[in-house]
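Please read the structure below before turning to the comments.
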Amino acid sequence: MILIKNSRVARLLSVHAIVLYPFIFFADKNPDQVLLNHELIHVDQIKRHGVLKFYYLYLKEYFLLRLKGKKHYEAYKGISFEEEAYRKQNGTRNV
Ligand SMILES: [Zn+2]
């Protein structure tokens, strides 16, 4: 896995960070630990499911939520991979 900080890719996509395995692009020069944890949880999910299946399931959930009428941010937050990442990003377990 390769961390790229101060990334134009992330800024072009208007995100703080994005995992395009095996790269993690961060918009900031010094991403904070919580953001780093969040993205590493996605890397763990990719290792659990496989690269193609992870992105397929991620996008499928996103578009199904959009079809149900959710706005972009709501749909994004409703993706099960994001729910897990937000739940675990602070390092607390069993929350
Ligand atoms: Zn995420």
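Since every read-out is calculated from the coordinates, none of them should be taken as a lab result. Only a predicted model underlies this, so the values are computations on that prediction, with no experimental measurement involved.
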Practice prompt. Among 63, 25, 54, determine the one that fluctuates most according to a GNM of the chain built with springs between C-alpha atoms less than 10 Å apart.
Written response: 63
Worksheet item: Taking Rh as the Kirkwood radius, which is the inverse of the mean 1/r over Cα pairs, what is the Rg/Rh value for the chain?
Response: 0.96
Worksheet item: Percent relative contact order of the chain, based on C-alpha pairs within less than 8 angstrom and at least six residues apart?
Response: 23
Response to the item:
Here the membrane-span-like helices of the chain, with no claim about any membrane, defined by DSSP H, Cα axial extent at least 20 Å and mean Kyte-Doolittle at least 0.0, are 51-67
Worksheet item: Build a GNM of the chain with springs between Cα atoms under 10 Å: which of 39, 61, 74 gets the top mean-square fluctuation?
Response: 74
Discussion item. List the lysines whose Cα sits under 28 Å from the Cα of residue 47, skipping any in the same chain fewer than 8 residues away.
Written reply: 5, 29, 60, 77, 88
